[in-house]
Amino acid sequence: MKENLKLENQLCFPIYALSRQITALYRPYLDKLGLTYPQYLVLMVLWEHNSATVKRLGELLFLDSGTLTPLLKRMEANRLLKRNRSDEDERVVEISITEKGKSLEKEAEVIPPMMKQHLDMTDQELEQMREQINKILAVTCNNIRQGK
């Protein structure tokens, strides 16, 4: 077998496995809030900005509108956010947080410190890892945009 085809030599596999494991660590905390991980991500953007267009949410979360739209509809049905079409351009949908969505922020404040505790890493180690992952993410997104 060729070395470059061994699972242990792949970059994609540990990233994939780590993503699944970290999401599993979040699950008990998010279950208490009645949220899925993607819903939590949307709320984090809205807690920071109060509103965003669907397009901007997609850019920030690396999700396409086909994935975002059903997610946002479920969140709207749960009264966590509101969706409104722009008066200037009906193709633009503005997403804004509701009081119910805002009320979850206080409860969610415990999640990041708990994740840090689960990972047993220093602030410096976490920052270095985040920088490396963001660098890889930027390069891969650029390559995809350029069709490489």
- Would you indicate which of [x] 9.8; [y] 8.7; [z] 11.7 is the value of mean projected area of the Cα convex hull in nm² derived from the coordinates of this structure? [z]
- The answer for the net charge of residues other than ALA138 whose Cβ lies under 15 angstrom from its Cβ, with Lys and Arg +1 and Asp and Glu -1, is +2
- For the range 56-120, what percent of Cα pairs sit more than 15 Å apart? 65 percent
- Message: Counting other C-beta atoms within 10 Å, and keeping those with at most 15, which DSSP coil GluC sites (Glu not before Pro) do you find in the range 5-93?
- Response: GLU88, GLU90
- Item | Over 20 Å (Cα to Cα) - which of LYS82/LYS116; LYS6/LYS116; LYS2/LYS148; LYS32/LYS102; LYS106/LYS135; LYS32/LYS82 fall in this group | LYS82/LYS116; LYS6/LYS116; LYS2/LYS148; LYS106/LYS135; LYS32/LYS82
- Query: Which order results if ILE97, ILE133, ILE144 are arranged by neighbouring Cβ count within 10 Å, fewest first?
  - Reply: ILE144, ILE133, ILE97
- Query: What FRET efficiency would be calculated for the residue pair GLU76, SER19, taking the C-beta separation as r and a Förster radius of 35 Å, to the nearest 0.05?
  - Reply: 0.85
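Return the calculated 222 nm mean residue ellipticity for the chain, to the nearest 500 deg cm²/dmol, obtained by summing -39500 (n - 2.57) across DSSP H runs with n ≥ 4 and dividing by the residue count.
-21500 deg cm²/dmol
Please work out how much length the chain gains when fully extended from GLN132 to LEU60, using 0.36 nm per residue of separation minus the C-alpha to C-alpha distance, in nm with one decimal.
Value of the extension gain: 24.2 nm.
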- Task: Go through the range 1-43 and name the trypsin sites (Lys or Arg not before Pro) that are in a DSSP coil and have 16 or fewer other Cβ atoms within 10 Å of their Cβ.
- Result: LYS2, LYS6
- How long is the gain from MET1 to GLU125 if the chain were fully straight, where each residue apart is worth 0.36 nm and the alpha carbon distance is subtracted? 41.1 nm
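Here, each number is a calculation from the coordinates, and none is a lab measurement. Source: prediction; values computed, not measured. We place every Cβ from the backbone using ideal geometry, glycine too, and count neighbours over all the protein chains shown.
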